[in-house]
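The structure that follows is given in the form of structure tokens.
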Amino acid sequence: MKQKKPQEVFIDGPITADFIAKLIQKHSTKMNIGAHSNFLGQVRNDKINDQEVEAINYTTYREMAEQSVHEIREAVFSKYSIICLHIYHSLGLVKAGEINLCVFVSSKHRSDAIKACEEIVERLKKEVPIWGKEMFDGHQYQWKKNT
Amino acid sequence: MKQKKPQEVFIDGPITADFIAKLIQKHSTKMNIGAHSNFLGQVRNDKINDQEVEAINYTTYREMAEQSVHEIREAVFSKYSIICLHIYHSLGLVKAGEINLCVFVSSKHRSDAIKACEEIVERLKKEVPIWGKEMFDGHQYQWKKNT
Amino acid sequence: MKINLLSFGQVADIIGEANLSITDIQNTEELKDWLIDKWPKLQSIKYSIAINRNIIQENTELQNEDTVALLPPFSGG
Amino acid sequence: MKINLLSFGQVADIIGEANLSITDIQNTEELKDWLIDKWPKLQSIKYSIAINRNIIQENTELQNEDTVALLPPFSGG
């Protein structure tokens, strides 16, 4: 049941707990799945020079990002024995405490889902053209740097 | 915000998507969290000698299991820089397609949550006295073997 | 001397009782012999022994009121 | 010859337009010089160049109707 057709990656605003619950629920019909590995990115209220990050505003180069996510999907499906794979990232404003990234990988045995999920998160941060603008109180901001 | 007080580990029956959604939602107030790594175990409808597993019935030696989970929690909190850690396992009947294990680890940076979550799942399977009885059609069963 | 004997999983299936009270057993080797004598099927079953929730690796003397648990291989998770 | 120039993140902040149409630029080295000439602040900014969604590593000739994107370091995830 490899889902190689293009999947919607971007979500307007935060990814809600309810959205993730529906994602989990959908997989209950796939009874060959034994393990789900799920990574969630949450916006932190980091303090930078005494100013607190209140939200991150995400933008993307959508055509290139979708192509890049597609390449990561294909690579991970050939490398690991996984059954399902979902990647979601927010666009626009996501407040501190809210979720901006959800990678959800399902497999028969746990090690495939765990390794694939970790690899996707690493590649996504490096290869997918998304930019986060850290919004402080008022109108100030700075462009986020991934470490 | 290390939660070292004893936490309820066992849940009667399957762990629902709604339960996991509430767990995610609760963490939105902890704005120093940047990453959640979440592992879910789902019951597979494996075929064994032409018979299909319809459900697994889990039992435990509760006092020892709770002590063992507590030791794993302590060890993981000292080894990794994590903020929150939740471990839930089902007791009783969990049908194929339903979830019987949820490990949910939160940290500032992703690598701590990811490594800690994987380590907990491995240790839990080896060290915590829980037994799964694979239930086939009718009254037949066999005791599950972890591989 | 009284020992509380707990059994789980496949071992409990064979013994037929999850909870037994036994007397006059001095150590875990003696206990194993007694078990196989009473339930010969246990000979083919792999299990560990925990005394008061701690798994023991070698023959151990038992104390009055000890809780001894017979633990087949774990299969949770 | 017409090139569609897209810019993102900090680069778009400096250029002030996310989408420009430019002419008479033959290759990416020439483009970089033209950009710094027009927006000197770009000199201190690290960015990659993608032609039609593929990041290039060295000087590359441009074709009519190419889409060239200026990409500061990614910070998604």
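Every number in this text was worked out from the coordinates using simple rules, so none of it is lab data. If you're wondering where the values come from, they're calculated on a predicted model, not measured in any experiment. Glycine gets a Cβ as well: all are built from the backbone with ideal geometry, and neighbour counts include every protein chain shown.
Please list, in order along the range D:44-59, the HN-Hα scalar couplings obtained from phi with the Karplus expression 6.51 cos²θ - 1.76 cosθ + 1.60 (θ = phi - 60°), rounded to whole Hz, x for Gly and Pro.
8, 9, 8, 8, 9, 10, 10, 10, 6, 6, 10, 5, 9, 9, 9, 3
Amide H to amide H, which residues 5 or more places from A:LEU91 or on other chains are under 5 Å from it, using H placed in the peptide plane?
A:ILE11, A:ASP12, A:GLY13
Then there is this: Please report the relative contact order for the range B:21-147, taking Cα pairs under 8 Å with a sequence separation of at least 6, and give it as a percent rounded to a whole number.
Relative CO of the range B:21-147 lands at 37 percent.
Which residues in the range C:34-77 place their backbone N less than 15 Å from a point set 7 Å from the Cα of B:GLU122 along the Cα-to-Cβ direction?
none
Dipole size in debye (nearest 20) for the protein assembly as shown around its Cα centre, Lys and Arg Cβ +1, Asp and Glu Cβ -1?
The calculation lands at about 220 debye.
If I take every Cα pair under 8 Å that is 6 or more residues apart in the range C:1-49, average their sequence separation and divide by the length, what percent do I get for the relative contact order?
About 35 percent, as a whole number.
Note the angle between two axes, namely the Cα long axis of helix B:62-79 and the longest principal axis of the Cα atoms of chain B, as a number of degrees from 0 to 90, rounded to the nearest 10.
Result, in degrees: 40.
On C-alpha positions alone, give me the angle between the axis of helix B:17-26 and the longest principal axis of chain B, in degrees, nearest 10.
Roughly 10 degrees, rounded to the nearest 10.
Assume the label is 7 Å from Cα along Cα to beta carbon: what separations in nm does D:ILE36 have to the matching positions in the other copies?
8.3
Separate question: Enter the mean number of other protein chain beta carbons within 10 Å of the beta carbon of each residue in B:141-147, as an integer.
Mean partner shielding for this stretch: 4.
Please list, ordered by chain and number, the residues whose modelled amide H lies under 5 Å from the amide H of D:THR60; skip anything fewer than 5 residues away on the same chain.
D:THR28, D:GLU29
Under the rule of at least 5 residues apart or a separate chain, name every residue whose amide H is placed under 5 Å from the amide H of B:GLU54.
B:MET135, B:PHE136, B:ASP137
Continuing with the same structure: Distances from C:ASN52 to the same residue in each other copy, label points 7 Å out along Cα→Cβ, in nm, shortest first?
With the label placed 7 Å along Cα→Cβ, C:ASN52 yields 7.7 nm.
Based solely on its DSSP helices, what 222 nm [θ] is calculated for chain B when runs of n ≥ 4 H residues each add -39,500 (n - 2.57) and the sum is averaged over all residues, nearest 500 deg cm²/dmol?
Roughly -10500 deg cm²/dmol at 222 nm, from the helical runs in chain B.
Would you tell me the mean number of C-beta atoms belonging to other protein chains that fall within 10 Å of each C-beta in B:112-120, as a whole number?
3
Further question: Among B:THR147, B:VAL69, A:MET135, which residue has its Cα positioned farthest towards the positive end of the charge dipole of the protein assembly as shown, with +1 placed on the Cβ of Lys and Arg, -1 on the Cβ of Asp and Glu, and the dipole taken about the Cα centre?
Result: A:MET135.
Something else now. Measuring from centroid to centroid over Cα atoms, what is the spacing of the range A:24-48 and the range B:66-124 in Å?
14 Å
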